[in-house]
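Enquirer: Here it is, the structure in full.
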Amino acid sequence: MTIYFTSDHAGMSLRQTLLSYVTQAGHDVVDLGPEETTSVDYPDFGIKLAMALQQNRAGRGIAICGSGVGISIALNRFSWVRAALVNQPEAAELARQHNDANVLALGERLIAVETAKESVNKFLSTKFEGGRHQRRVDKLSQIGKTTAN
């Protein structure tokens, strides 16, 4: 499984730390940037990650901005992305078990590095339970394909 990393400028430090951490754990990683600390727009990097996951549906993503909110909103515009903004490992575990989340979103300004590492561990090691949750996940990809009355 390939793990794709992206961030904006405000999430760059945590992205680099987690990228190194996940690489040392033996995972196949792809860094989608940015390369420099100059200000960038989080939607641009959310789109890069979404496009990578469209090409590799078995992959997972880790997306980071200052709060995690903006980049998770950008990512969740795509029907094949289920980005979960978490601030603790239990939330990352539940996002995988119940929601089949394929992107972990984090806020560099709001999460401690060790908590982020534990959240990444849960995100990468937890399996989707399927069953009753599958019906709900299937509905997520249908949202926006119909019009509201």
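Nothing in this text is a laboratory measurement; each read-out follows from the coordinates by a stated rule. Please read these numbers as outputs of a predicted model, since none were measured by experiment. Cβ sites come from the backbone with ideal geometry, for glycine too, and all protein chains shown count toward neighbours.
Enquirer: Taking amide H positions as placed 1.01 Å from N in the peptide plane, with prolines and chain starts having none, which residues 5 or more places from Gly68, or on another chain, fall under 5 Å of its amide H?
Expert: Glu108
Enquirer: Given the Cα-Cα distance of Thr38 and Lys139 and 0.36 nm per residue of separation, how much length would full extension add, in nm?
Expert: 32.5 nm
Enquirer: Moving on. Projected onto the charge dipole of the chain (+1 at Lys/Arg Cβ, -1 at Asp/Glu Cβ, origin at the Cα centre), which of Ile143, Gln16, Ile73 gives the Cα projection farthest towards the positive end?
Expert: Toward the positive end, the furthest listed residue is Ile143.
Enquirer: List the residues whose amide H sits under 5 Å from the amide H of Arg82, counting only those 5 or more places along or on another chain, with H placed 1.01 Å from N in the peptide plane.
Expert: Result for Arg82 returns Asn102, Val103.
Enquirer: Further question on the same structure: Could you give the dipole magnitude of the chain about its Cα centre, charging the beta-carbon of Lys and Arg +1 and that of Asp and Glu -1, in debye to the nearest 20?
Expert: In debye, rounded to 20, the chain gives about 740.
Enquirer: Further, regarding this structure: Given H placed 1.01 Å from N in the peptide plane, which residues other than close sequence neighbours of Val29 have an amide H under 5 Å from its amide H?
Expert: Residues meeting the amide H criterion: Ile3.
Enquirer: Just to confirm the filter: which trypsin sites (Lys or Arg not before Pro) across the stretch 68-134 are DSSP coil and have at most 10 other Cβ within 10 angstrom of their Cβ?
Expert: Those satisfying the criteria are Lys127.
Enquirer: Starting from the Cα of Ser13, step 7 Å along the direction of its Cβ; do the same at Ser125; then give the gap between the two resulting points in nm.
Expert: For the pair Ser13/Ser125, the computed spacing is 2.7 nm.
Enquirer: Under 19 Å Cα-Cα from Lys139, which aspartates and glutamates qualify once same-chain neighbours fewer than 8 residues away are excluded?
Expert: Cα-Cα hits under 19 Å: Asp100, Glu129.
Enquirer: For the residue pair Arg109 and Thr2, what label-to-label distance in nm results when each label sits 7 Å from Cα along the Cα-to-beta-carbon direction?
Expert: 3.2
Enquirer: Could you pull out the GluC sites (Glu not before Pro) across the stretch 28-98 that fall in loop regions by DSSP (anything but H, G, I, E, B) with no more than 14 other Cβ atoms inside 10 Å?
Expert: Answer in residue order: Glu35, Glu36.
Enquirer: Is there a quick way to get the dipole size of the stretch 64-149? I mean about its Cα centre, with the Cβ of Lys and Arg at +1 and of Asp and Glu at -1; what is the value in debye to the nearest 20?
Expert: Value, rounded to 20: 380 debye.
Enquirer: Sort the following peptides by mean Cβ neighbour count (other Cβ atoms within 10 Å, averaged over residues), highest first: 48-58, 9-19.
Expert: Sorting 48-58, 9-19 by mean packing, highest first, produces 9-19, 48-58.
Enquirer: Normalized C-alpha radius of gyration of the stretch 2-142, against 2.2 N^0.38 Å?
Expert: Dividing the Cα Rg of the stretch 2-142 by 2.2 N^0.38 Å gives 0.95.
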